[in-house]
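Throughout, read-outs are computed from the coordinates displayed, never taken from laboratory work. Computed from a predicted structure; not experimentally measured. In this analysis, Cβ positions are derived from the backbone assuming ideal geometry, glycine residues included, and neighbour counts consider all displayed protein chains.
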Amino acid sequence: MKKIINKLKNIDNLDVEKDVPLKNYTTFKVGGPADLFLTPKDENALLELTKIIQDVETPHFILGAGSNVIVGDKGYRGIIIYTGELNKIFVNENNIKAQSGATLKNVTKKAQENSLTGMEFACGIPGSLGGAVFMNAGAYGGEMNDIIVNVSAVNNNGKKIILNKDELKLSYRNSVFQEKNYIILDATMKLSHGDKDQIKDKMEVLTQKRQNKQPLEYPSAGSSFKRPEDHYTGPLIEKANMKGYQIGGAQVSEKHAGFIINKGDATAKDILNLIKKIQEEVYKISGVKLKPEPKFLGEF
């Protein structure tokens, strides 16, 4: 690891840190330290660091806004590449292009300011653009698949490539990036011209809906489970009498049973145990196997 660190420190616009607590970088506010935490400040730094880490067997993980990940209490034995500083957003006529670390909140705000409609569905999704592409994020009848034109990424050889929409293999909460170890650099979305005030109104309505229905006042990773075919997770969990159920500091939200929340002192182990308990109880009463939506990372 020492050799890797020395090489990485020679890269311009790259912050190299050791033993960084990941709870500070996830929306669930849980997770132990990462062995190595890299923050590239520009695209070139990301490309350069990729060439170095491809040659070693140390595992690595790309972390954006940390909204769809649960990090183990013992942390991550490997390299975290944090994209939060790669957050530039560009507008060209009815296309909007943004780097992977830009938050969906900021991208949708930029679209609204430029009278571009079609991305309002994403205004309240708590994540980065890279994470949204990775998961084909969606809400309120829209998803990234509806607007994506292409994505720039770094392939396994450390080369920059451009994937068109067909190559992205976007489906429900899935993309090619879950099969291949590519790093997303940026994405281009095609929107339509609209009325700035009407777009703003729609975003406010959707934000209010989210606030009314979801437990945004507590840390969480968003929806805890993928929606099973022909079912909704919230009612299934309620039917299993799990609404409000708590293990340690982790609780099934009383506001929306599809969310597990951190009541203030939850550990990753509490959350994992609660997920398993929900799966067991829901399966007992309905025969439905719930699949967690967040990604599990590190040592639990």
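Miscellaneous remarks
- Per residue, the convex hull spanned by the Cα atoms of the chain amounts to 125 cubic angstrom.
- Across the stretch 48-62, computed HN-Hα scalar couplings (Karplus, 6.51 cos²θ - 1.76 cosθ + 1.60, θ = phi - 60°) run 5, 5, 4, 4, 6, 6, 5, 8, 10, 8, 5, x, 9, 9, 8 Hz from first to last residue, x flagging Gly and Pro.
- The fewest-to-most ranking of Lys7, Lys41 by surrounding Cβ atoms within 10 Å reads Lys41, Lys7.
- In the chain, the calculated helix contribution to ellipticity at 222 nm averages -8000 deg cm²/dmol per residue, counting -39,500 (n - 2.57) for every DSSP H run with n ≥ 4.
- For the chain, the dipole from Cβ point charges (+1 on Lys and Arg, -1 on Asp and Glu) about the Cα centre works out to 440 debye, to the nearest 20.
- Cα radius of gyration and Dmax for the stretch 214-297 (Å): 11.5, 35
- For the stretch 1-112, share of DSSP beta bridges that run antiparallel, in % to the nearest 5: 60
- Expressed as a fraction of 2.2 N^0.38 Å, the C-alpha radius of gyration for the stretch 76-228 is 1.04.
- Note that the stretch 21-30 has calculated 3J(HN,Hα) couplings of x, 6, 4, 7, 10, 10, 6, 7, 6, 10 Hz, one per residue in order, obtained from phi through the Karplus relation 6.51 cos²θ - 1.76 cosθ + 1.60 (θ = phi - 60°); glycine and proline are x.
- Zero-based 10 Å bins, Cα pair distances in the stretch 2-82, whole percents: 19, 53, 26, 2
- Neighbour-count order for Phe296, Phe177, fewest beta carbons within 10 angstrom listed first: Phe296, Phe177
- Within the chain, percent of DSSP bridges classed antiparallel, to nearest 5: 80
- Residues Val176, Val205, sorted so that the one with the fewest Cβ neighbours within 10 Å comes first: Val205, Val176
- If you model the stretch 145-300 as an ellipsoid using its alpha carbon gyration tensor, with each semi-axis the square root of five times an eigenvalue, the axes come out at 32, 22, 16 Å, biggest first.
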